[in-house]
Amino acid sequence: MSQSRHYSSRLSSCLSISPAVRDALANGAPVVALESTIISHGMPYPQNVETARQVELIVKENGATPATIALIDGKIHVGLGDAELEHLGKSGKSAIKASRRDMATVLSQRLLGATTVSGTMVAAHMAGIAVFATGGIGGVHRGAELTMDVSADLTELGRTPVAVVCAGAKSILDLPKTLEFLETQGVPVVAYGESRQFPAFFSPDSGLLAPWSMQTPQQVARLIKTNTELGLMTGQIIAVPIPNEYAESSAEIERAIDIAVRESEEMGIKGKECTPFLLQRIVELTGGASLTANIALVKNNARVASQISLSLASMVS
Ligand code: PSU
Ligand code: MN
């Protein structure tokens with residue numbers, strides 16, 4: 001494809017793709033992209049690094065190659081080594097949380113950048129990776145009618161063709177507005193599994209229906225393939241409900257979310273600090289129960305994303 005040649009010549013100086021990921025991509029083998037803000041800003045050390053390693057292992061066990069993405073020494077790294085994962089996890093919030101907006105600045109100043117869903121989608125698409133697993137996406141914040149705080153993840157999904165396998169979005173957000181905004185952006189939202197409920201991260205059930213539901217990796221792979229053939233250039237949300245055995249503490253977590261949101265308003269927390277503040281407070285307020293649930297659903301999403309990428313690879317070749 002001339003477009004990918006164009007990308008590769010223009011971008012080779014910015015992209016550093018690990019040998020394992022490069023080999024897999026060259027052979028048309030399945031690859032799953034993974035983000036790094038979840039490591040630096042989404043979970044505390046050392047659980048963040050342990051989880052990142054376990055998620056990579058799950059992707060491998062399911063037959064795909066993991067490609068964790070971060071901005072290091074002026075390059076977009078696609079596929080991190082163990083030392084790099086450890087460094088990112090230890091750096092925590094001193095790494096820069098990087099969405100599309102921040103990428104060129106972080107790279108040009110050779111800072112350490114952890115990519116959000118938005119930043120990871122940009123990088124995955126540059127590298128030629130179509131499937132990406134994470135925990136939750138950003139969305140329209142509560143009170144956005146006044147603050148206009150709408151995550152760059154949502155506009156990215158409207159412009160970059162990468163499938164994001166997630167557990168929906170947390171109810172720290174305004175979920176009805178988030179689904180409305182995704183419709184405006186032309187993003188298919190697929191509830192994965194038996195239920196058409198759009199999952200709310202800690203809970204399998206937000207009380208809102210997703211516009212679509214699919215039951216198999218093959219169905220999702222066909223959606224991705226058709227989206228590419230149509231040249232729509234939009235991403236997809238594949239929303240996988242949290243496994244049942246971890247969903248039971250959701251009432252307690254909902255109470256913690258309400259407290260955390262109120263505190264963030266009282267303290268005047270704004271902009272890109274808002275989501276990391278809420279995530280950390282929820283872990284503190286639930287005495288770690290939210291972290292256990294978070295880790296479980298990320299692993300489950302990695303498994304589903306691997307199955308989708310396997311199915312896609314078998315169709316494309
Ligand atoms: N939601 C989570 N965990 C996370 C994030 C969101 O449950 O780790 C991170 C992701 O990297 C996501 C980013 O892309 O926060 C969204 O931040 P913001 O709301 O500032 O756009
Ligand atoms: Mn925001």
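The values are calculated or read from the model by the stated rules, or taken from the named source; none is laboratory data. Just so we're clear, the structure is a prediction, and the values are computed from it rather than from any experiment. Methodologically, a virtual Cβ is constructed for each residue, glycine included, from the backbone with ideal geometry; neighbour enumeration extends over all protein chains shown.
Taking the options GLY288, GLY231, name whichever one is more than 20 Å from the chain's Cα centre (by Cα), on the phi > 0 side of the Ramachandran plot and modelled with pLDDT of 95 or more.
When all the criteria are applied, what remains is GLY231.
Return the total of residues in region 278-290 being buried (at least 20 other Cβ atoms within 10 Å of the Cβ) and out of contact with any Phe, Trp or Tyr (no Cβ under 8 Å at 6 or more places or on another chain).
6
Sort out which residues of region 17-50 are touching a Lys or Arg at 6+ places or on another chain (Cβ under 8 Å) and surrounded by fewer than 17 Cβ atoms within 10 Å (Cβ to Cβ), and write them in order of number.
Passing the criteria: only TYR45.
With the condition kept exactly as written, say whether any residue in region 178-190 is surrounded by fewer than 23 Cβ atoms within 10 Å (Cβ to Cβ), more than 11 Å from ligand 1 (Cβ to nearest atom), touching a residue at least 12 places away in the same chain (Cβ under 8 Å) and of a type in the set (Gly, Ala, Ser).
Within region 178-190, one or more residues are surrounded by fewer than 23 Cβ atoms within 10 Å (Cβ to Cβ), more than 11 Å from ligand 1 (Cβ to nearest atom), touching a residue at least 12 places away in the same chain (Cβ under 8 Å) and of a type in the set (Gly, Ala, Ser).
Only one of ALA144, ALA163, ALA169 is more than 16 Å from ligand 2 (Cβ to nearest atom) and among the small types (Gly, Ala, Ser); which?
Step by step, each of ALA144, ALA163, ALA169 is checked, and only ALA163 is more than 16 Å from ligand 2 (Cβ to nearest atom) and among the small types (Gly, Ala, Ser).
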